[in-house]
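The values are calculated or read from the model by the stated rules, or taken from the named source; none is laboratory data. These figures come from a predicted structure and were not determined experimentally. Cβ coordinates were reconstructed from backbone atoms using ideal geometry, including for glycine residues, and neighbour counts include every protein chain displayed.
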Amino acid sequence: MSGITVRYGYVDTPLGQLHYTEAGAGEPLILLHQTPRSLDEFTQVQPLLAAERRVIAMDMYGFGLSAKPPAPQTIEQYASGVLALADALGLTTFAVLGHHTGMFVASEVAAAAPGRVTAAILSAGAYADAHFREPAAGSDVDTAEKRDDGSHLTTLWAKRAPLYPAGRPDLLDRFIRDALAPGVDPREGHLACKRYVMEDRVGLVTAPVLLLAATADPVSYPHSEQLSKVYTNADTVKVREIDGGMIPLMEQKPTEVADEVLSFLAAVGD
């Protein structure tokens, strides 16, 4: 968006250095990406949101250019990174938006610090209960054995391609770059979701909740109805569908995402 400047920076925290971008002014909103992405996932949507907010996108703890915890990694660790960033930036209260893995992290942040989270936007999520934690095929979508001829790169591409919109190789390029970031193990992000005992945490979320449901996302969309029923102590729970949205929703349909998010935040008075 014209006139919006996005600034890059690092903060020192007890967890190590955390990498982030910031744009806009006003009430803060922290953006949390999916596995194995980085803050790059929000390149299109951050300036749109920053027209009305102070918007901070971070490489979550364990991803991108941020510090990396040792395996096994957990959603709780990733959430501690969000709170460490907020502390370093002097944010007393803030809203959170998380997509896929970031959705679990945003939910955990809202559960761990209910007095600080003013609203939670949970995009393309699921309910990580005992059934979710059962072993399932397809959990290796972001892994490939490295080969001398580089063919593991086309394997990674081919695994993700059916989940991405046709004619957008640029989005797959960005995914490949983040999957290969130094110190990032894409398996750990997915395993962290599987390790998360979400049923013990959702009842602690008291902030208003917006669920963004991407209708063409076969991984998350089937969970939308169930997820809408578990935040029983949230101030409000709203569900908004984004027609045709896929795994890379934030890059694919940034205008639709920004419209829904800003409308929700204005309505709840954040």
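Worth a mention:
- Taking the numbered list (1) at pLDDT 95 or above; (2) over 16 Å from Ser123 (Cβ atoms) in turn, Pro70 passes all entries but (1).
- Residues of the stretch 22-43 satisfying the condition of being crowded, with 22+ Cβ neighbours inside 10 Å, over 20 Å from Ala192 (Cα atoms) and free of Cβ contacts under 8 Å to residues at least 40 places away in the same chain: Gly24
- At least 1 residues being closer than 18 Å to Tyr221 by Cα and in contact (Cβ under 8 Å) with a residue 12 or more places away in the chain is the threshold, and among the strands (runs of 3 or more DSSP E) wholly inside the stretch 47-138 those reaching it are 94-99, 117-123.
- Any hit, the stretch 221-239, residues being of a type in the set (A, V, I, L, M, F, W, C) and assigned to a strand (DSSP E or B): yes
- Cβ separations smaller than 7 Å between residues 6+ apart or across chains give the following pairs from the stretch 241-270 residues that are free of Cβ contacts under 8 Å to residues at least 40 places away in the same chain and of a type in the set (Lys, Arg) to residues that are assigned to a loop (DSSP other than H, G, I, E, B) and surrounded by 16 or more Cβ atoms within 10 Å (Cβ to Cβ): Lys253/Gly245.
- Among the residues making up the stretch 237-270, those that are more than 21 Å from Arg168 (Cβ to Cβ), β-branched (Val, Ile, Thr) and touching a helix residue (DSSP H, G or I) at 6+ places or on another chain (Cβ under 7 Å) are Val239, Val261.
- Taken together, the residues in the stretch 1-27 that are closer than 16 Å to Leu39 by Cα, part of a strand (DSSP E or B) and not aromatic (Phe, Trp, Tyr) amount to 9.
- Every condition in (1) surrounded by fewer than 23 Cβ atoms within 10 Å (Cβ to Cβ); (2) outside any loop (DSSP other than H, G, I, E, B) is met by Glu251 except one, and the failing one is (1).
- Test set (1) surrounded by fewer than 22 Cβ atoms within 10 Å (Cβ to Cβ); (2) under 24 Å from Val109 (Cβ atoms); (3) modelled with pLDDT of 95 or more; (4) not small (Gly, Ala, Ser) - Leu210 fails condition number: (1)
- Boolean, Val239 is in contact with a Leu (Cβ under 6 Å, 6 or more places away or on another chain), closer than 26 Å to Arg37 by Cα and not polar (S, T, N, Q): yes
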